[in-house]
Amino acid sequence: YQRRVRGTPSMLMMRRAAAAAMTLLPAQLHCAAEPPSHSPILVVGSLNADIIIEITRMPQSGETIAARDPDSGYMLPGGKGANQAVAAARMAGPGMVDFGCKFGNDAYGETLKRTLVENHVGVSACEHSDKPSGQAFIFLDEHGENSIIITGGSNLSWSPDISQQLSSKISAAKLVMLQREIPESINEAVAVLAHRAGVSVIQDVGGEERSMSDGLLARLTYLTPNESELARLTGLECESEEQIVAACKQLQTKGVANVSVTLGSKGSLLVTKDGRLFKQLPCKIPGGRVVDTTGAGDTYRAAFSVALVEGQSLEYCLKFAGAAGAIACATKGAVPSLPYRSQVAELAERVVVVESLA
């Protein structure tokens, strides 16, 4: 059978408002009190200083070229963990999201911390490292597509043991979000604690080209690769819908409950543990063109997680996520592009989801 879930969008991205949310005066920071209780969404992961360089093309070996925009080379907060934490907090509201990370020992570290606090992300489980902040050098072409080089920095400086503070956040959460820009041993330890406590775990595959252990896969409620990551994980071709579904089912034989695959401009697919297939059809980009895809996947996963924690149907989770990801493509930079609840809810009404049997 098939079932189409429709609705109604429209909305404009407000880059100026998003950028304004990046600026916090010291007095405002001092007044931004962190909620005392544990939050239902916990993100454990990376945060980076994103250096944006706008280019016409990548240089060849031995070649020096000028940036497309002479004013590029600026820093914006990013990192998959921070992107997902801020995106979830903007869509879920104050007191709903906690973050576990390692702040760098440089000026970037303090800037990144301020960005989290001003966006109502709880940072009491974060720790400070003796390493510099992680950085991402993002080469952005004129079509909004990017190539990224990451230096791990403080993101790789985790100690082997999970702190008591972070452990208590894990057991009190409803959902834990993981990525792959921190040591895999930390992801595995967090997943073990969450699984033991009956807490759902969503694992983003992006960040590194490492294989994933069967032990980690068996503890995941949702695994969320894109097409190329799915092909790399399974060793299978993932060109057609049938091939993608087959690859998802292979991962489910290893214990993953549900697999959600983002397909870029083609939408997304979700294969559930009970054999259902949901297809989120393409969502139009506000403004009509892609400006920057950096952070779009993080926004999608954060939106899906927020709707899931709220108890929304899987159809609506995909609609909400598809809308959020589309909005994030309409503004330059990762954190500045992350949308707010009202923006996403309006556009989600016109996203189409088709349900069938996998």
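Dipole check for the stretch 92-250: with +1 at the C-beta of Lys and Arg, -1 at the C-beta of Asp and Glu, and the Cα centre as origin, the magnitude is about 860 Debye.
Here the stretch 216-279 is assigned +1 on the Cβ of each Lys and Arg and -1 on the Cβ of each Asp and Glu. Its dipole about the Cα centre then comes out at about 300 debye.
I need the shape label for the stretch 81-149. Rule: rounded when a/c is under 1.5, else prolate if a/b > b/c, else oblate, with a, b, c from the alpha carbon gyration tensor. The partial results should precede the final answer.
Values: a/c = 2.66, a/b = 1.24, b/c = 2.15.
Oblate is the answer for the stretch 81-149, as a/c is 1.5 or above yet b/c matches or exceeds a/b.
Mind ranking 261-267, 86-92 by how tightly packed they are, going by the mean number of other C-beta atoms within 10 angstrom, highest first?
Working: 261-267: 18.3, 86-92: 28.4.
Descending mean neighbour count gives 86-92, 261-267.
The calculated 222 nm mean residue ellipticity attributable to helices in the chain amounts to -10000 deg cm²/dmol, summing -39500 (n - 2.57) over DSSP H runs of n ≥ 4 and dividing by all residues. Straight-line reach from LYS279: taking Cα to Cα under 18 Å and skipping same-chain neighbours fewer than 8 places apart, the aspartates and glutamates in range are GLU227, GLU239, GLU241, GLU242, GLU315, GLU349, GLU355.
In debye, nearest 20: dipole of the chain around its Cα centre with unit charges on the Cβ of K, R (+) and D, E (-)? Numbers along the way, then the final one.
Details: 33 positive and 37 negative charges, 216 e Å.
Charge dipole, the chain, about its Cα centre: 1040 debye, nearest 20.
Scattering from the stretch 275-358 was approximated by placing one identical point on each alpha carbon and applying the Debye formula without solvent; log10 I(q)/I(0) at 0.20, 0.21, 0.23 1/Å stands at -0.82, -0.90, -1.04.
Pull out a ≥ b ≥ c, the square roots of the eigenvalues of the alpha-carbon gyration tensor of the stretch 50-173, then state rounded if a/c is under 1.5, prolate if not and a/b is larger than b/c, and oblate in the remaining case. Each step should come with its number before you reach the end.
Details: a/c = 2.69, a/b = 1.87, b/c = 1.44.
Note, shape of the stretch 50-173 comes out prolate.
Which whole-number percent is the relative contact order of the chain (Cα, under 8 Å, 6+ apart)?
Working: 848 pairs, mean separation 78.4, N = 358.
Answer for the chain is 22 percent.
Take 43-54, 209-220 and order them by the average number of nearby Cβ atoms within 10 Å per residue, most first; the result is 43-54, 209-220. In this structure, the residue pairs whose Cα-Cα separation is over 22 Å, taken from LYS266/LYS319; LYS169/LYS319; LYS113/LYS319; LYS80/LYS332, are LYS169/LYS319; LYS113/LYS319. Could you tell me which label, among (1) 20.3; (2) 21.8; (3) 23.6, carries the value of Kirkwood radius over Cα pairs in Å calculated for this structure? Evaluating Kirkwood radius over Cα pairs in Å on these atoms matches (1). Net charge of the neighbourhood of VAL199, taken over other residues with C-beta under 12 Å away and scored Lys/Arg +1, Asp/Glu -1, is +4.
Between LYS254, LYS80, LYS174, the Gaussian network model of the chain with springs among Cα atoms under 10 angstrom shows the greatest mean-square fluctuation at LYS254.
Of all lysines in the structure, those lying under 18 Å Cα to Cα from LYS273, and not within fewer than 8 positions of it along the same chain, are LYS249, LYS254. Averaged over residues, the count of other Cβ atoms within 10 Å places the peptides 178-188, 153-163 in the sequence 178-188, 153-163, highest first.
Around ILE138, under 12 Å between beta carbons, what's the net of Lys plus Arg minus Asp minus Glu among the other residues? Please list the in-between numbers first.
Numbers: positive: LYS332; negative: ASP50, GLU54, ASP141, GLU145, ASP292.
Net charge in that neighbourhood comes out at -4.
Rolling a 1.4 angstrom probe over the chain with all protein chains present gives an accessible area of which 52% lies on carbon and sulfur atoms.
Per residue, what accessible area does the stretch 183-269 have, given a 1.4 Å probe and all protein chains present, in Å²? Numbers along the way, then the final one.
On the way: 3570 Å² over 87 residues.
That works out to 41 Å² for each residue.
Taking R0 as 30 Å, what FRET efficiency do you get between TYR74 and SER240 from their Cβ-Cβ distance, rounded to the nearest 0.05? Efficiency computed from Cβ-Cβ geometry: 0.15.
The values are calculated or read from the model by the stated rules, or taken from the named source; none is laboratory data. Owing to the predicted nature of the structure, the values given are computational and were not obtained by experimental measurement. We place every Cβ from the backbone using ideal geometry, glycine too, and count neighbours over all the protein chains shown. SASA here: full protein model, heavy atoms, side chains in, ligands and nucleic acids out. Shrake-Rupley method; radii C 1.70, N 1.55, O 1.52, S 1.80 Å.
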